[in-house]
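These notes concern the structure reproduced below.
The values are calculated or read from the model by the stated rules, or taken from the named source; none is laboratory data. None of these values were measured; they are calculated from a predicted model. Cβ coordinates were reconstructed from backbone atoms using ideal geometry, including for glycine residues, and neighbour counts include every protein chain displayed. Ligands, DNA and RNA are excluded from the accessible area calculation, which covers all protein heavy atoms including side chains. Shrake-Rupley method; radii C 1.70, N 1.55, O 1.52, S 1.80 Å.
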Amino acid sequence: QVQLVESGGGLVQAGGSLRLSCAASGRTFSRYAMGWFRQAPGKEREFVAAITTTGLSTVYTDSVKGRFTISRDNAKNTVYLQMNSLKPEDTAVYYCAASSKYYSRYDHQYDTWGQGTQVTVSS
């Protein structure tokens, strides 16, 4: 089982960019589909993006399409979320997650979660 540690969050003005990283421990990272989720204060956790084990397929929630890009480097055991044209409504704690079975937008299908990183977008 992998362990996940997110980094790269912070405070940014609307229209700015951030790149989140999620570093995984262990030698089996390439066997896991990976996802990014976020949770804003007072709201339920929501799906952001997911990527297959090879990185050849990705999926996004509609609100981030064209602005966010998920990618992975299996040699570095890391998945990334490049976030451009950030909006105040993107403010949330962002979590990465790993699934040994599913390439999915559903959080209950993920086995392992990171601790989260805060992203705050000011208007």
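Going through segment 87-96 one residue at a time, which ones are part of a loop (DSSP other than H, G, I, E, B) and among the charged types (D, E, K, R)?
Once the filter is applied, which keeps residues that are part of a loop (DSSP other than H, G, I, E, B) and among the charged types (D, E, K, R), segment 87-96 yields only K87.
Yes or no, residue by residue, for (1) without any contact (Cβ under 8 Å) to a residue 40 or more places away in the chain; (2) closer than 21 Å to T112 by Cα:
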residue: R31; (1), (2): no, yes
residue: E44; (1), (2): yes, yes
residue: L56; (1), (2): yes, no
residue: N74; (1), (2): no, yes
residue: A92; (1), (2): no, yes
**Scope segment 97-122; condition of a type outside the set (A, V, I, L, M) and assigned to a strand (DSSP E or B); matching residues** = S99, T112, W113, T117, Q118, T120, S122
**Message:** As an exercise: evaluate N84 against (1) over 16 Å from L20 (Cβ atoms); (2) within 14 Å of the chain's Cα centre (by Cα) and give the number of the one condition it does not meet.
**Reply:** (1)
**Request:** Filter segment 7-40 down to residues that are open to solvent by 10 Å² or more (accessible area, probe 1.4 Å) and part of a strand (DSSP E or B), then give me how many there are.
**Result:** 12
**Complete:** Conditions (1) at pLDDT 95 or above; (2) of a type in the set (G, A, S); (3) open to solvent by 10 Å² or more (accessible area, probe 1.4 Å) -> S100 fails only (1)
**Prompt:** Would segment 74-86 turn up any residue that is of a type outside the set (S, T, N, Q), open to solvent by 30 Å² or more (accessible area, probe 1.4 Å) and in a strand (DSSP E or B)?
**Reply:** yes
**Prompt:** Is segment 45-54 home to any residue that is surrounded by fewer than 18 Cβ atoms within 10 Å (Cβ to Cβ), out of contact with any strand residue (DSSP E or B) (no Cβ under 7 Å at 6 or more places or on another chain) and not in a loop (DSSP other than H, G, I, E, B)?
**Reply:** no
**Message:** Can you tell me which condition K65 does not meet? The list is (1) without any contact (Cβ under 8 Å) to a residue 40 or more places away in the chain; (2) surrounded by 16 or more Cβ atoms within 10 Å (Cβ to Cβ), and all the others hold.
**Reply:** (2)
